[in-house]
Amino acid sequence: MPNTTGKICQWGCYDEEDEACHPGLTNMQCAEIYGHVEWIQVCDCVDEATGLRDNITVAAPRLAPANLYFSVPAFVVLFRESLEVVIVLAIIMQFLTKMKNDGLLE
């Protein structure tokens with residue numbers, strides 16, 4: 001797709017909440033961040049005509065590495081998903097037990 005904005009941008013880790021780029025991260029490091037980040041071509045933009053840098057905000061550096069194993073939001077999401085699976089399995093078991101008791105299943 002041709003560039004119609006007049007800007008030349010580099011690929012980077014863009015934080016949608018802060019509307020800023022996280023400098024110095026690779027695609028995989030960006031994927032490890034829990035939150036609203038994307039690996040897209042909007043960082044370090046330069047105006048093609050003038051050669052001047054765009055006024056792009058740089059996000060505050062992440063001081064600690066992302067720890068996905070003990071992340072509270074990640075735990076809550078996993079717990080909720082696991083609970084849904086258990087509920088569905090319980091409903092299926094009740095259905096099969098009722099069918100067996102009614103003589104519809106051997």
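The values are calculated or read from the model by the stated rules, or taken from the named source; none is laboratory data. All values derive from a computational prediction rather than experimental measurement. Neighbour counts run over all protein chains shown; Cβ positions are idealised from the backbone, glycine included.
Out of all the residues in the stretch 17-56, which are closer than 29 Å to residue 77 by Cβ and in contact with a Gly (Cβ under 6 Å, 6 or more places away or on another chain)? Matches in the stretch 17-56: 21, 43.
Taking every residue in the stretch 26-49 that is assigned by TED's automatic domain parsing to the domain that holds residue 6 and pairing it with any residue that is buried (at least 16 other Cβ atoms within 10 Å of the Cβ) and part of a helix (DSSP H, G or I), at least 6 positions away or on another chain, the pairs with Cβ-Cβ distances below 9 Å are 37/30; 38/30; 39/30.
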